[in-house]
1. Relative to 2.2 N^0.38 Å, what does the C-alpha radius of gyration of segment 1-159 come to as a ratio? Two decimals please.
2. Loop only per DSSP, at most 14 neighbouring Cβ atoms within 10 Å: give me the chymotrypsin sites (Phe, Trp or Tyr not before Pro) in segment 66-109, ordered by residue number.
3. If you take all C-alpha pairs in segment 130-284, what percent of them are over 28 Å apart?
4. To the nearest 10 degrees, how steeply does helix 142-151 sit against the main Cα axis of the chain, on a 0 to 90 scale?
5. Under 17 Å from a point placed 7 Å out from the Cα of T239 along the Cα-to-Cβ direction: which residues of segment 256-273 have their backbone N that close?
6. What FRET efficiency would be calculated for the residue pair E21, D289, taking the C-beta separation as r and a Förster radius of 41 Å, to the nearest 0.05?
7. What's the extension gain from S296 to S194 if we count 0.36 nm per residue and subtract their Cα-Cα distance?
8. Using a Gaussian network model on the chain with a 10 Å cutoff between Cα atoms, which of P203, P337, P162 fluctuates the most?
Amino acid sequence: MSRRIIHLDVDSFYASIERREDPSLRKRPLVIGGKLVVATSPEAYLAGVKSRQPPWLAKRLCPQAIFLPGNYPFYQEESDRLYGLLSSLTPVLERASVDDFFLDLTGCERLYGNLFSWASKLKRMVEGETSLPLSLGLATTRTTARAATLLCKRGGMLEVLPRGEAEFLSPLPLGYLRGIGGREIGRLEELGISRIGEINLIPTPFLAQVLGERKAEAIKGEAQGRETGPLRPHAKKETLDEKVILEDGPTSHLLSQAHLSALLERVSYRLRQRGLWAIALTLTLVYADLQLTSSSIKLAPTDQGDQLYALAKRLLQKLSSRRVRIRKLEVRVEGIPKQPELFQERKVKFYQGIDRVRRRFGYSTLLRANNLLLRE
């Protein structure tokens, strides 16, 4: 079964809200911001005004523009209102930013019929409820759906059929990929790569030298129209952390790994007890000379200690490059409430059994093998 993802974007969100509230602003160039430009209307954008420009430059580029300070709490309220409206219509919804959303309609054909027709009705309904202009893309991945939206901007709709993703994305500039930023685009352009399809011609090992192994694999998957990660429903995040101060004396790499494993085993236990999934992990090291270094990574939702440890071990290898003793290890995870639609069945019973034993006989009853180093 092919995934079916809708990307819905409000055109010129801040400017559209201002025009809805004050119709006299329609068709006039708007610049919203203070010390720097935050957003523009299409008219100002076509005149060359971009976000993060200073106001004096915006005035020079578009002298007839109307400058507004922006009402950001109200913009957020409108975003929350839109999120609430959409969440009542789809089983899984991800808020990518204040003005764009992904809806997962996989398997909903029986309920909604033709999904492109249903998406058209959705667009008209939301525009009627909010009086805001929308653009919409429908595809099998977030990257492809978002690219479709960008190509039909100013109120359009576009569908990319299954198995047509790579061909659709191939001629587009690299900026249409979701997982790549300006720095990575600059590196690729230095190598003569400017279109998405050209990424598929580059051997993955070579791409990994430029972007890193994980980033290279992810970008290549995006360019080929592949995506396996679930949508991440918007939810209030909770932060869990565990830390340990290492004893004086030489600290081996194996001992550091053992401490890291123990910390993450305890974090994963707390995640499961609270009904949370970890979606981000940060590892912080404090050296004996009090120098601090840290690194973070985004995660596919998980509550399993072995998965967290495997990723954290890479961060540890990346960070522990100095020949100075590590004084303190700290791990922090961001957790969101579990969503039944995303729940991973594999290993669930295994971890439930471990948790039952620990609750009955004490947490230290069951430990990972490398944690036994800490008892010596």
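What follows draws every value from the coordinates through simple rules; no lab data is involved. A quick note: this is a predicted structure, and the numbers were derived from the prediction, not measured. Here the Cβ is made from the backbone with ideal geometry for all residues, glycine too, and neighbour counts use every protein chain on show.
1. 1.11
2. Working: sites: F67, F74, Y75, Y83, F101, F102; in loops: none.
Qualifying residues, ordered by number: none.
3. 45
4. Here the helix axis deviates by roughly 20 degrees.
5. What the label zone holds, given the 17 Å backbone N cut-off, is 267, 271.
6. Once rounded, the FRET efficiency stands at 0.15.
7. My answer for the length gained is 33.9 nm.
8. It is P203.
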